[in-house]
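Undergrad: Before anything else, here's the structure in question.
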Amino acid sequence: MSKTIGWIGTGLMGKPMAHHLVNAGHTVHVNNRTKSKAQSLIDAGCRWFNTPQELAKSSDIIITIIGYPKDVEAVYFGENGIFSGIKPGTILVDMTTTKPSLAKSIAVEAQKHQCTFIDAPVSGGEVGAINGTLSIMMGGDKISVDKILPLFKAFGKNMVYQGEAGAGQHTKMCNQITIAGTMIGVCEALIYAKKAELDLNTMLQSISKGAAGCWTLDVLAPKVANNDFAPGFMVEHFIKDLGIALEEAENMQLSLPGLALAKQLYLAVQAMGKGREGTQALYLALERLSSR
């Protein structure tokens, strides 16, 4: 694909994903709230733009992966946002985990500008972004999805089309709900093992290869065992995701008590001053609850 790609968002996930596109030979323009966080991409040959508006004027495909729904809304709809500079025919892709309703609003506005939109949140954390093994959940214009799949292959391994705009975000909510409950079980297993005076890494060698096997056991549990709480995905961003999931569940008149519990536990982690640690820091809150 010889199209010029505009990339907005160079955080833990966005920066390595954009680097994969550069390494694959694509022309990439870049914008980020803090320019210094995009410096490695600029050094790699990406052209810097001061605003989403300026970037949009010079891009055929625009990919965003930023922090919170309010940030997404500002980047797309703000005074110097994407829609104030977009060209007809542009394909828009939001890979942020955000509200399904916001994805639908962006899709509607894109149509007004003779453009198309895909909501394509990802799962796999910083490790998946670096290794190019992300799972990508796609909603929106199917023709545009088919066009852009070759780009996604630069950083994704499992790419599944879910349906109309917002379906990708709903699928990501399912992902986060599953992770939240799993994380509680993994952390409680580690607390139990420590109290039973087991070697945590040896214990994990056994249970990670049986019915309990999962990504959380393979990637995050060993970090806890080695007292490593550095973020691959931050607690404060996970709290945001769980809040979106609970809001959507309420809109659908669903009761999800496990999800509600998980959010409360993560709020406890944040109250401990660990909001910018990795999601495995849930262990610290549960350990404090269980100790005498």
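The values are calculated or read from the model by the stated rules, or taken from the named source; none is laboratory data. Predicted, not measured: the structure shown is a model, and the values here were computed from it. Please note: Cβ atoms are built from the backbone with ideal geometry, for glycine as well, and neighbour counts cover all protein chains shown.
Undergrad: For L21, all conditions in the list (1) part of a helix (DSSP H, G or I); (2) surrounded by fewer than 20 Cβ atoms within 10 Å (Cβ to Cβ); (3) of a type outside the set (G, A, S) hold save one; what is the number of the exception?
TA: Against the list (1) part of a helix (DSSP H, G or I); (2) surrounded by fewer than 20 Cβ atoms within 10 Å (Cβ to Cβ); (3) of a type outside the set (G, A, S), L21 comes up short only on (2).
Undergrad: Of the conditions (1) among the hydrophobic types (A, V, I, L, M, F, W, C); (2) buried (at least 17 other Cβ atoms within 10 Å of the Cβ); (3) in a helix (DSSP H, G or I), F229 satisfies every one except a single condition; which number is it?
TA: Failing condition for F229: (3).
Undergrad: Condition first: part of a helix (DSSP H, G or I) and either in contact with an Asp or Glu (Cβ under 9 Å, 6 or more places away or on another chain) or crowded, with 18+ Cβ neighbours inside 10 Å (or both). Can you find one or more residues in the stretch 249-258 that meet it? Lay out the reasoning, then the answer.
TA: Taking the stretch 249-258 as the starting set, the residues that turn out to be part of a helix (DSSP H, G or I) are 249-251, 257-258.
This time we only want the ones that are either in contact with an Asp or Glu (Cβ under 9 Å, 6 or more places away or on another chain) or crowded, with 18+ Cβ neighbours inside 10 Å (or both), so: none.
Checked the stretch 249-258: no residue is part of a helix (DSSP H, G or I) and either in contact with an Asp or Glu (Cβ under 9 Å, 6 or more places away or on another chain) or crowded, with 18+ Cβ neighbours inside 10 Å (or both).
Undergrad: Moving to a separate point now. Using beta carbons and a limit of 7 Å, which pairs, at least six apart or on different chains, have the first residue in the stretch 270-283 and part of a helix (DSSP H, G or I) and the second one modelled with pLDDT under 95 and buried (at least 18 other Cβ atoms within 10 Å of the Cβ)?
TA: Hits for this filter: T279/F233.
Undergrad: Being more than 19 Å from E109 (Cβ to Cβ), of a type in the set (G, A, S) and touching a helix residue (DSSP H, G or I) at 6+ places or on another chain (Cβ under 6 Å): is that true of A44 here?
TA: On the way: more than 19 Å from E109 (Cβ to Cβ): yes; of a type in the set (G, A, S): yes; touching a helix residue (DSSP H, G or I) at 6+ places or on another chain (Cβ under 6 Å): yes.
Considered against the rule, which asks whether it is more than 19 Å from E109 (Cβ to Cβ), of a type in the set (G, A, S) and touching a helix residue (DSSP H, G or I) at 6+ places or on another chain (Cβ under 6 Å), A44 comes out as yes.
Undergrad: Then there is this: Take the stretch 139-173 and flag every residue that is more than 12 Å from A103 (Cβ to Cβ), among the small types (G, A, S) and part of a loop (DSSP other than H, G, I, E, B).
TA: From the stretch 139-173, those more than 12 Å from A103 (Cβ to Cβ) are 142-161; that's our starting set.
Imposing the further condition that a residue be among the small types (G, A, S) reduces the set to 144, 154, 156.
The one that is more than 12 Å from A103 (Cβ to Cβ), among the small types (G, A, S) and part of a loop (DSSP other than H, G, I, E, B): A154.
Undergrad: Could you list, ordered by first residue, the pairs with Cβ atoms under 9 Å in which the first is in the stretch 140-161 and on the phi > 0 side of the Ramachandran plot and the second is part of a loop (DSSP other than H, G, I, E, B) and of a type in the set (G, A, S), at least 6 apart or interchain?
TA: The qualifying pairs are G140/A120; G140/A165; G140/G166.
Undergrad: How about the stretch 186-217: which of its residues are in a helix (DSSP H, G or I) and within 27 Å of the chain's Cα centre (by Cα)?
TA: V186, C187, E188, A189, L190, L204, W215, T216, L217
Undergrad: Oh, and also: Only one of E73, E54 is farther than 25 Å from E126 by Cα and buried (at least 16 other Cβ atoms within 10 Å of the Cβ); which? Quick ask: steps written out before the conclusion?
TA: Details: E73 fails: farther than 25 Å from E126 by Cα.
Checking each option against the conditions leaves just E54.
Undergrad: Under the condition of being over 18 Å from G232 (Cα atoms) and among the hydroxyl-bearing types (S, T, Y), which residue from the stretch 263-292 is modelled with the highest pLDDT?
TA: Per the stated criteria, the residue is S290.
Undergrad: So which residues in the stretch 27-70 are among the acidic types (D, E) and touching a Ser or Thr at 6+ places or on another chain (Cβ under 8 Å), if there are any at all?
TA: Residue satisfying the conditions is D60 alone.
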